[in-house]
Amino acid sequence: MVKIAVAGGTGQVAREVIDALVAAKKHEITILSRSASSEEITTPGIRWLVVNYSDKGVNRFAPSEYASAGTVHMPWWAGKEEIRKYLRKVNENRKVLEYTLFQPGLFLDYLASPYKTARHVAPLDTVFDFQNRRAIIVDGHEDAIMTLTTAADLAAVVARAVDYEGEWPEIGGISGNRVTFSRVIEIGEKIRGGPFTIDKVKLQDLEAGVLKTSWALTKKHGAIAEEQASGFFTAVPIGMLLSSVEGAWDVSDELNQLFADYKFEEIDAFLTKVWDGKP
């Protein structure tokens, strides 16, 4: 049995991971909080504990990652980069803390928007809009790589990693599907039964903070305040597109190799199930 402490524990991704850990029926799970929460998880096998985060005493640590390999052009993830630097510094002279960065790329579930395909991860707009058969890509960079992994696969792999008795790799790449932007669109056109409207944006416009498209994102992430939403609807696609050109979403596959028997949900099959029969 592993004693697992989850800081916060009420976020969408955290809830997916907690569910997978609970389902394993192997571990003692504690949700750490600075104060009593009004959103307590009442699942049997989980306890809440109010703590002072200056206390320490863990053998393994997994920071809040759960996205791209790189953070370039995505300032809303500056905190992730600071934590990465801190962890490298901690182990600079000798191994003090075993940790891994769980990086699954973009959730494949988001390509099902507005339909919800995960228990906790909510639908979210991206540059791929399957409902309205349209997409945004960078002109000349149609073969930029996007890694797409379902929230369920992420949670299952994290649960396996917790059980793993060997040393964690510092980078925990989880590559459910490694595809180009053009391939995502090709799959979309096949599944949705018609051509996508493609907005090709210029790299220099994106670098200038300008997004020239015929449509915009409208569904905000739950962590974004209402008054900040309009800015994010422009900043997020710009950052996502620029970072993809620089390889930020081309996630490695360390945990695929570690758990070679695990079968990931394939993009074609997943999206066919979602969109079959939908208008």
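The values are calculated or read from the model by the stated rules, or taken from the named source; none is laboratory data. What you are looking at is a predicted structure, and each value in this text was computed from that prediction instead of being measured. No Cβ is skipped: glycine too gets one built from the backbone with ideal geometry, and neighbour counts run over all protein chains shown.
A few comments on the model shown:
- The residue that is farthest from Thr149 (Cα to Cα), among those in the stretch 88-110 that are modelled with pLDDT of 95 or more and in a helix (DSSP H, G or I), is Lys89.
- Taking (1) in contact (Cβ under 8 Å) with a residue 40 or more places away in the chain; (2) assigned to a helix (DSSP H, G or I); (3) under 20 Å from Gln131 (Cβ atoms) in turn, Ser243 satisfies each apart from (3).
- Residue match in the stretch 260-269 (condition: assigned to a helix (DSSP H, G or I), in contact (Cβ under 8 Å) with a residue 12 or more places away in the chain, of a type outside the set (Lys, Arg) and farther than 19 Å from Phe181 by Cβ): no
- Among the residues of the stretch 1-35, those identified as on the phi < 0 side of the Ramachandran plot and among the small types (Gly, Ala, Ser) are Ala5, Ala7, Gly11, Ala14, Ala20, Ala23, Ala24, Ser33, Ser35.
- Single condition Glu170 does not satisfy, out of (1) touching a Phe, Trp or Tyr at 6+ places or on another chain (Cβ under 8 Å); (2) crowded, with 16+ Cβ neighbours inside 10 Å: (2)
- Any hit, the stretch 127-134, residues being under 26 Å from Ala269 (Cα atoms), surrounded by 14 or more Cβ atoms within 10 Å (Cβ to Cβ) and of a type in the set (Asp, Glu): yes
- Qualifying positions in the stretch 2-28 - surrounded by 17 or more Cβ atoms within 10 Å (Cβ to Cβ) and among the β-branched types (Val, Ile, Thr): Ile4, Val6, Val13, Val17, Ile18, Val22
- Considering only residues in the stretch 127-149 that are in a loop (DSSP other than H, G, I, E, B) and not charged (D, E, K, R), the one that is farthest from Leu108 (Cα to Cα) turns out to be Gly140.
- Per this entry, Ala152 is not counted among residues that are in a loop (DSSP other than H, G, I, E, B) and either at pLDDT 95 or above or closer than 30 Å to Asp276 by Cα (or both).
- Inter-residue pairs, beta-carbon under 8 Å, first closer than 17 Å to Ser244 by Cβ and in the stretch 59-70, second of a type in the set (Lys, Arg), 6+ apart: Ala67/Lys80
- Test: Val245 is surrounded by 12 or more Cβ atoms within 10 Å (Cβ to Cβ), under 17 Å from the mean Cα position of the chain (by Cα) and more than 25 Å from Thr272 (Cα to Cα): no
- When restricted to residues that are crowded, with 17+ Cβ neighbours inside 10 Å, without any contact (Cβ under 8 Å) to a residue 60 or more places away in the chain and of a type outside the set (A, V, I, L, M, F, W, C), the stretch 98-126 contains 2.
- Yes/no for Val210 being among the hydrophobic types (A, V, I, L, M, F, W, C) and either farther than 23 Å from Val121 by Cβ or free of Cβ contacts under 8 Å to residues at least 12 places away in the same chain (or both): yes
- Close pairs from the stretch 191-202: first polar (S, T, N, Q), partner outside any strand (DSSP E or B), Cβ under 9 Å, at least 6 apart: Thr197/Asn132; Thr197/Arg133; Thr197/Ser214; Thr197/Trp215
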